[in-house]
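Reading through the structure tokens given below for one structure.
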Amino acid sequence: SYLNNHNKQEIFAQSDDKVLHFIVDNKSVWKHELSGKLIGNVKTVKFLPSNQTQYLVVTTNKAYILNRIQNTFEITEIHNPKSLRLKDFLIFNEEGDANENLTLFAENGESFKISKSSETLKAGFKNNTSNQYITPLSTVILKGTEYAVLLDKKGKLTLQNAKGKTAEGFPVSLNR
């Protein structure tokens, strides 16, 4: 994952031995062994009541909040109740419960909540279909509600919120 820092080149990369490396200007300055393979990109989040920059790192069985202190990180481990079979995800920033939870939305149409108080991950919306959507995912806010923009391989475009509700007028077929 490349970080957007105009002064330095900063990268998170995972090696084959599951170690996450933080690389600044082509030099590894910090590392931490993860519990599994990295899912998606490292995302900037606001999770801890700190003014430091924070990142979310997700593996198949754990999530980590990295609280940045210069070129090192304090780590908060988030335990997942079950293995996550995801390829990618995005963060919903405009959820009504953002003070209590961090909402993740996966490429398979499912959502998850990370509790800021208990530091645990739980399922939000469970998708009962086998749809896999084209990544990367993005969000849009429509009438005050945040939706994931989902496009499947058959050309069906859907706007879906974290509770599984589809926006009015969707899905739309892009194939005519």
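Yes or no: ASN67 touching a Gly at 6+ places or on another chain (Cβ under 7 Å), over 20 Å from THR145 (Cα atoms) and open to solvent by less than 80 Å² (accessible area, probe 1.4 Å)? Quick ask: steps written out before the conclusion?
On the way: touching a Gly at 6+ places or on another chain (Cβ under 7 Å): no; over 20 Å from THR145 (Cα atoms): yes; open to solvent by less than 80 Å² (accessible area, probe 1.4 Å): yes.
Judged against the criteria, ASN67 is not a match.
Restricting attention to the stretch 160-175, does a residue exist that is outside any loop (DSSP other than H, G, I, E, B) and either of a type in the set (Lys, Arg) or within 14 Å of the chain's Cα centre (by Cα) (or both)? Break it down stepwise before answering.
In the first step, residues of the stretch 160-175 are kept if they are outside any loop (DSSP other than H, G, I, E, B); the result is 160, 166, 172-173.
Among the residues that remain, those that are also either of a type in the set (Lys, Arg) or within 14 Å of the chain's Cα centre (by Cα) (or both) are: none.
No: the stretch 160-175 contains no residue that is outside any loop (DSSP other than H, G, I, E, B) and either of a type in the set (Lys, Arg) or within 14 Å of the chain's Cα centre (by Cα) (or both).
Need pairs with beta-carbon distance below 8 Å; first residue hydrophobic (A, V, I, L, M, F, W, C) and within the stretch 127-140, second open to solvent by 60 Å² or more (accessible area, probe 1.4 Å); sequence gap 6+ or separate chains.
ILE134/LYS153
Which condition from (1) over 14 Å from the mean Cα position of the chain (by Cα); (2) of a type outside the set (S, T, N, Q); (3) modelled with pLDDT of 90 or more is the one that PRO49 breaks?
PRO49 satisfies every listed condition except (3).
If you check VAL42 against the conditions, is it open to solvent by 10 Å² or more (accessible area, probe 1.4 Å), within 16 Å of the chain's Cα centre (by Cα), within 24 Å of ASN93 (Cβ to Cβ) and of a type in the set (A, V, I, L, M)? First the steps, then the outcome.
Numbers: open to solvent by 10 Å² or more (accessible area, probe 1.4 Å): yes; within 16 Å of the chain's Cα centre (by Cα): yes; within 24 Å of ASN93 (Cβ to Cβ): yes; of a type in the set (A, V, I, L, M): yes.
Spelling it out, VAL42 is indeed open to solvent by 10 Å² or more (accessible area, probe 1.4 Å), within 16 Å of the chain's Cα centre (by Cα), within 24 Å of ASN93 (Cβ to Cβ) and of a type in the set (A, V, I, L, M).
Take ALA167 and tell me if it is farther than 21 Å from LYS37 by Cα, touching a strand residue (DSSP E or B) at 6+ places or on another chain (Cβ under 7 Å) and either modelled with pLDDT of 90 or more or surrounded by fewer than 16 Cβ atoms within 10 Å (Cβ to Cβ) (or both).
Numbers: farther than 21 Å from LYS37 by Cα: yes; touching a strand residue (DSSP E or B) at 6+ places or on another chain (Cβ under 7 Å): yes; either modelled with pLDDT of 90 or more or surrounded by fewer than 16 Cβ atoms within 10 Å (Cβ to Cβ) (or both): yes.
So ALA167 passes the test.
Pull up the stretch 125-147, narrow it to residues that are loosely packed, with under 13 Cβ neighbours inside 10 Å and at pLDDT 90 or above, then point me to the one that is farthest from the chain's Cα centre (by Cα).
Filtering the stretch 125-147 for residues that are loosely packed, with under 13 Cβ neighbours inside 10 Å and at pLDDT 90 or above, the one farthest from the chain's Cα centre (by Cα) comes out as LYS143.
I need a count of the residues in the stretch 77-124 that are assigned to a strand (DSSP E or B) and surrounded by 15 or more Cβ atoms within 10 Å (Cβ to Cβ). Write out each step before concluding.
Of all residues in the stretch 77-124, those assigned to a strand (DSSP E or B) come to 77-79, 89-92, 101-106, 111-115, 120-123.
Within this subset, residues satisfying the condition of being surrounded by 15 or more Cβ atoms within 10 Å (Cβ to Cβ) are 78, 89-92, 101-106, 111-114, 121.
Number of matching residues: 16.
Within the stretch 18-39, restricting attention to residues that are among the charged types (D, E, K, R) and more than 13 Å from VAL58 (Cα to Cα), which residue is nearest to the chain's Cα centre (by Cα)?
From the stretch 18-39, those among the charged types (D, E, K, R) are 18, 25, 27, 31, 33, 37; that's our starting set.
Adding the requirement that they be more than 13 Å from VAL58 (Cα to Cα) leaves 25, 27, 31.
Working: ASP25: 25, LYS27: 26, LYS31: 20 Å.
The extreme case among them is LYS31.
Scanning for something over 29 Å from PHE12 (Cα atoms), surrounded by 20 or more Cβ atoms within 10 Å (Cβ to Cβ) and touching a residue at least 40 places away in the same chain (Cβ under 8 Å), does the stretch 150-160 turn up at least one residue?
Yes - at least one qualifying residue is present in the stretch 150-160.
Which of the residues spanning the stretch 66-97 are in contact (Cβ under 8 Å) with a residue 40 or more places away in the chain and among the hydrophobic types (A, V, I, L, M, F, W, C)?
So in the stretch 66-97, the residues in contact (Cβ under 8 Å) with a residue 40 or more places away in the chain come out as 71-73, 75-81, 84, 86-95.
Matches in the stretch 66-97: PHE73, ILE75, ILE78, LEU84, LEU86, PHE89, LEU90, ILE91, PHE92.
Please list, ordered by residue number, the strands (runs of 3 or more DSSP E) wholly in the stretch 8-66 having 3 or more residues that are on the phi > 0 side of the Ramachandran plot and among the basic types (Lys, Arg). Steps first, please.
On the way: elements: 10-14, 19-24, 27-33, 38-45, 54-59.
Fully inside the stretch 8-66 and qualifying: nothing.
The values are calculated or read from the model by the stated rules, or taken from the named source; none is laboratory data. Given the structure is predicted, the values throughout are model-derived calculations rather than measurements. Using ideal geometry, Cβ is built from the backbone for each residue, glycine included, and neighbour counts are taken over all protein chains shown. Surface accessibility is based on the protein's heavy atoms, side chains included, excluding ligands, DNA and RNA. Shrake-Rupley method; radii C 1.70, N 1.55, O 1.52, S 1.80 Å.
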